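In what follows, a single structure is set out as structure tokens and then discussed.
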Amino acid sequence: MPITDDAGIKALLEEARTIALVGASDRPDRPSYGVMKRLQDHGYRVIPVNPQITGEHIHGEFVFRDLDQLGDPIDLVDIFRNSAAAGEAVDDAIRIGAKAVWMQLGVVNEAAAARAEAAGLKVVMDRCPAIDIPRLGVAPVA
């Protein structure tokens, strides 16, 4: 079962340190751009992933083509893709050994969530960490 309770979501956000943001955008008008900045401002290391803008930088971080390029362990994969495309990002997160996947507001993929949970990952769907962090009083990452 995906995590839906406040205590579980808060615990996940408090455990995470490194977040891969799949579907990152370098356009200030896109939600992923603002969410990435808010997560960074809260102390998380956020690594942007987007095959269309690879090699560029967003908020000071190098943009990678895909999760397979990342050399660092990933605590949380934050997915800014539509529900159908989220399945591929979840499968990539499983393959790289991420600890959790977080599907953004409006993104629900039950089959992908079941695969992630079967592989031992924690799952959150249809939520935004940038909204939940202040709502739940998550302390800044040290």
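One residue alone among Arg135, Arg95 is within 15 Å of Val35 (Cβ to Cβ) and assigned to a helix (DSSP H, G or I), and that residue is Arg135.
Of all residues in region 47-76, those that are surrounded by fewer than 20 Cβ atoms within 10 Å (Cβ to Cβ), out of contact with any strand residue (DSSP E or B) (no Cβ under 7 Å at 6 or more places or on another chain) and in a loop (DSSP other than H, G, I, E, B) total 9. In region 95-110, the qualifying residues are those that are surrounded by fewer than 19 Cβ atoms within 10 Å (Cβ to Cβ) and touching a helix residue (DSSP H, G or I) at 6+ places or on another chain (Cβ under 6 Å), and the one that is farthest from Gly23 (Cα to Cα) is Ile96. Only a single item in (1) under 14 Å from the mean Cα position of the chain (by Cα); (2) buried (at least 17 other Cβ atoms within 10 Å of the Cβ); (3) free of Cβ contacts under 8 Å to residues at least 60 places away in the same chain; (4) under 23 Å from Pro31 (Cα atoms) is not met by Glu88, and it is number (2). For region 56-65, state whether one or more residues are touching a residue at least 60 places away in the same chain (Cβ under 8 Å) and touching a Leu at 6+ places or on another chain (Cβ under 9 Å). Within region 56-65, none of the residues are touching a residue at least 60 places away in the same chain (Cβ under 8 Å) and touching a Leu at 6+ places or on another chain (Cβ under 9 Å). Test Thr4 against the criterion of being farther than 22 Å from Leu70 by Cα and either touching a Phe, Trp or Tyr at 6+ places or on another chain (Cβ under 9 Å) or of a type in the set (Ser, Thr, Tyr) (or both), and give yes or no. Criteria met by Thr4. Within region 117-135, at least one residue is surrounded by fewer than 18 Cβ atoms within 10 Å (Cβ to Cβ), farther than 17 Å from Ile9 by Cβ and in contact (Cβ under 8 Å) with a residue 12 or more places away in the chain.
For region 3-16, state whether one or more residues are farther than 16 Å from Leu105 by Cα and of a type in the set (Ser, Thr, Tyr). Checking region 3-16: not a single residue is farther than 16 Å from Leu105 by Cα and of a type in the set (Ser, Thr, Tyr). In region 12-34, of all residues being touching a strand residue (DSSP E or B) at 6+ places or on another chain (Cβ under 9 Å) and part of a loop (DSSP other than H, G, I, E, B), the one that is surrounded by the most Cβ atoms within 10 Å (Cβ to Cβ) corresponds to Ala24. For the structure I just gave you, tell me whether Ala111 is modelled with pLDDT of 95 or more, in a helix (DSSP H, G or I), out of contact with any strand residue (DSSP E or B) (no Cβ under 9 Å at 6 or more places or on another chain) and more than 19 Å from Met1 (Cα to Cα). Criteria not met by Ala111.
The values are calculated or read from the model by the stated rules, or taken from the named source; none is laboratory data. Predicted, not measured: the structure shown is a model, and the values here were computed from it. Every residue, glycine as well, gets a Cβ built from its backbone with ideal geometry; the counts of neighbours run over all protein chains shown.
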